[in-house]
């Protein structure tokens, strides 16, 4: 097939795309090492904490962890603002809390952690 038209994706940087991929791969290695350390130390539950879009994204992770995780793995999805007001009766010093923030400045998440 003869090329008759070249299409360009606006605001796309192939170099940036490749660099982002490398960064994600390296972050994955660090996350795996951290997960191994946490598993070795032991934990009693996993809490996924977010607000807005982050909370929505963590809902998928909660589903996957409950579906494919060990039977005795306790996973809870909690809203950071609710945690700030009420806490959670199952959270202990041995619990793992995973959270994220697109901006890094989400007030509810910062208050919670």
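The values are calculated or read from the model by the stated rules, or taken from the named source; none is laboratory data. In this text, all values refer to a predicted model and were calculated from it rather than measured experimentally. Here the Cβ positions follow ideal geometry from the backbone for every residue, glycine too, while neighbour counts run over all protein chains shown.
Criterion first (under 18 Å from residue 31 (Cα atoms) and in contact with a helix residue (DSSP H, G or I) (Cβ under 8 Å, 6 or more places away or on another chain)) does residue 98 satisfy it? Walk me through it before giving the result.
On the way: under 18 Å from residue 31 (Cα atoms): yes; in contact with a helix residue (DSSP H, G or I) (Cβ under 8 Å, 6 or more places away or on another chain): yes.
For residue 98, the condition - under 18 Å from residue 31 (Cα atoms) and in contact with a helix residue (DSSP H, G or I) (Cβ under 8 Å, 6 or more places away or on another chain) - is met.
Does region 7-22 contain at least one residue that is within 30 Å of residue 72 (Cβ to Cβ) and outside the structural domain of residue 91 (by TED's automatic domain parsing)? No - not one qualifying residue is present in region 7-22. Give the residues of region 35-74 that are surrounded by 18 or more Cβ atoms within 10 Å (Cβ to Cβ) and in contact with a helix residue (DSSP H, G or I) (Cβ under 9 Å, 6 or more places away or on another chain), sorted by residue number. Those that are surrounded by 18 or more Cβ atoms within 10 Å (Cβ to Cβ) and in contact with a helix residue (DSSP H, G or I) (Cβ under 9 Å, 6 or more places away or on another chain): 46, 47, 48, 49, 50, 51, 54, 55. Note on region 25-34: residues that are surrounded by 10 or more Cβ atoms within 10 Å (Cβ to Cβ) and under 29 Å from residue 81 (Cβ atoms) total 3.
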